[in-house]
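Structure first, then comments.
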């Protein structure tokens, strides 16, 4: 059972099934039996809040329930959680994200649900050490996954208890400003079966992270965010001990350098996913180590890595023959030579996403079109040296489903015409902020890409109602369209798009372009950029 009160949505419908109106009505009545308090929404319909009596009803009705997810269910109290736990003793997965549950409620789960394996307590701000300690005493032996974030009253005391009682713990996600080395050392030493570790902890240092390399030898996935008190020393220990590591994410870890990356790359031969984000001391030498040692790498993400020079990806192209996904953002030093190396060496590439990589031009993307025949996703956002020549090569060489050329100012009709004619399976297209793009391109997209579901044409000054009309007439599967700041698109064009596409779910436009008639007919799918325009 999954209930999310953070978003105002319609009542849930089982995946893959479409109910008749009578069935929907009966489902709604059953749900209101569980959720006994309705609150009027802005649209006049009732929005439903799950309360303690609803929780009791769930427990009475579904005694064998194994998975329960309650997101932002703020009206549930400890009493409601206890009444549920006493009945649903087979529970294995419990998500209480942003619920205001207290220690007594959590303790009752530990007392009653001895099979609990997966627990998410992110943003449960009312909890303290007492609740988590009592929970792990009760069901810690079965617990395999634990997530905690922004719980300011859960300290090292609770994590010492987790380390003592949760010997089978395999996954830990922790975002905390109050956990120090003492608590985390208890986890590293006590939970030697850890396979997934995601940390954002400002007060953990090398002394604690080194223990991961010593004790957690089964670790497969490691993500470290915003660490400012650890250095390459930790990565040396992890590279030496965690030889099963497959996924590594380093984000805003300012004191890491190429030496740390070299230790991980050379020590963990099974690495398949690497993400480096905002680690400003990591540069070309670190990337060379990745290319040299990580021969199984399938996904590489480099965000805001300013120290990587024009040849930084050459070694990756030579050594990482299995690479399928490459993400580069604000890597200004990477140029055409780098992309040519990737294209020629990584011929299995499926996804290529570049953003603000100003050194990459037509030559690099032409090489991708000529060599990467399996490419299905291409994003070149604000790469302002890339133009029609590159897209013509992509149109001839690949089989795209997803294309984003937003902000590529040199792209015009010729490039998009080539894409439309060469990629009939295209389902997503973003051509926003293309000042040279006109209606002819949209006409061709409409005629050649019948499977298109999502399109973004915002800030395209030369597109008019004519292009929109052709698009809406032929692309019958369209579900979303964004077309703000297009002076050539009028009230009539908006009406055409809103009423012609039966599957349309979201249409983003300026409010003043929507007529009263269009509001009456299609108001539920229209989103406004600014209510005051």
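Since every read-out is calculated from the coordinates, none of them should be taken as a lab result. Here the structure is a predicted model, which means the values were calculated and not measured. Neighbour counts run over all protein chains shown; Cβ positions are idealised from the backbone, glycine included.
Taking the number of Cβ atoms within 10 Å of each Cβ as an exposure proxy, the fewest-first ranking of 70, 172 is 172, 70.
Of the peptides 472-479, 391-398, the order by per-residue mean of other Cβ atoms within 10 Å, starting with the highest, comes out as 391-398, 472-479.
Based on the Stokes-Einstein relation at 20 °C and a viscosity of 1.002 mPa s, and on the Kirkwood radius from alpha carbon pairs, region 139-208 is assigned a translational diffusion coefficient of 182 µm²/s. The relative contact order of the chain comes to 5 percent, based on Cα pairs under 8 Å that sit 6 or more residues apart. Distance from the Cα centroid of region 405-420 to that of region 448-496 is 16 Å (rounded to whole angstrom). Relative intensity of region 157-302 on a log10 scale, I(q)/I(0) at q = 0.16, 0.22 Å⁻¹, equals -0.76, -1.43, per a Debye sum over C-alpha point scatterers of equal strength in the absence of solvent.
In terms of the Cα gyration tensor, with a ≥ b ≥ c the square roots of its eigenvalues, is region 277-402 rounded because a/c is under 1.5, prolate because a/b exceeds b/c, or oblate? Since a/c reaches 1.5 but b/c is at least a/b, the shape of region 277-402 is classed as oblate.
Roughly how many whole Å is it from the C-alpha centroid of region 351-385 to that of region 211-270? Cα centroid to Cα centroid, the span is 30 Å. Pairs of Cα atoms nearer than 8 Å and 6+ residues apart set the relative contact order; for region 49-137 it is 28 percent.
Per q in 0.22, 0.29, 0.34 Å⁻¹, report the Debye log10 I(q)/I(0) for region 489-531, using one uniform scatterer on each alpha carbon and no solvent. Scattering profile of region 489-531, log10 relative to I(0): -0.62, -1.12, -1.50.
For region 300-345, the alpha carbon positions stretch 24, 18, 13 Å along the principal axes, listed from largest to smallest. Convert 20 °C to kelvin, take the viscosity as 1.002 mPa s, use the Kirkwood radius over C-alpha pairs of region 359-407 as Rh, and evaluate the Stokes-Einstein diffusion coefficient in µm²/s, rounded to a whole number. Rounded to a whole number, D works out at 204 µm²/s.
Find, to one decimal place in angstroms, the Kirkwood hydrodynamic radius of region 356-477, where the mean of 1/r is taken over every pair of different Cα atoms and then inverted.
After inverting the mean inverse Cα-Cα distance, the result is 13.8 Å.
I'd like the projected area of region 83-128, averaged over all directions, using the convex hull of its alpha carbons. Report it in nm² with one decimal. The number I arrive at for region 83-128 is 2.9 nm². Projected onto their three principal axes, the Cα atoms of the chain cover extents of 68, 62, 37 Å, largest first.
Counting each DSSP H run of 4 or more residues in the chain as -39500 (n - 2.57), what helix-only mean residue ellipticity at 222 nm follows after dividing by all residues, to the nearest 500 deg cm²/dmol? Mind showing how you got there, number by number?
Values: 20 runs with 198 residues, N = 533.
My calculation for the chain gives -11000 deg cm²/dmol from helical runs alone.
For the chain, give the share of DSSP beta bridges that are antiparallel, in percent and rounded to the nearest 5; count only bridges with both residues there. Restricted to the chain, the bridges split so that about 5 percent are antiparallel.
Averaging Cα coordinates gives a centre for region 135-159 and one for region 273-298; these two points are 33 Å apart. Each of 512, 72 has some number of other Cβ atoms within 10 Å of its Cβ, and from fewest to most they run 512, 72.
Once the convex hull of all Cα atoms in region 236-320 is built, its volume per residue stands at 69 Å³.
For region 53-190, the Cα-based Rg and Dmax, in that order, read 13.8, 44 Å.
In region 395-533, the inverse of the mean reciprocal separation of distinct Cα atoms equals 14.7 Å; this is its Kirkwood hydrodynamic radius. What value does region 112-152 have for Rg/Rh, both radii from Cα atoms and Rh as Kirkwood defines it? Looking at region 112-152, the ratio lands at 0.96.
Let me have the relative contact order for region 216-312, percent, based on Cα pairs under 8 Å that are six or more residues apart.
On the way: 225 pairs, mean separation 25.6, N = 97.
The normalised contact order for region 216-312 reaches 26 percent.
In terms of other Cβ atoms within 10 Å, 232, 4 run from fewest to most in the order 4, 232.
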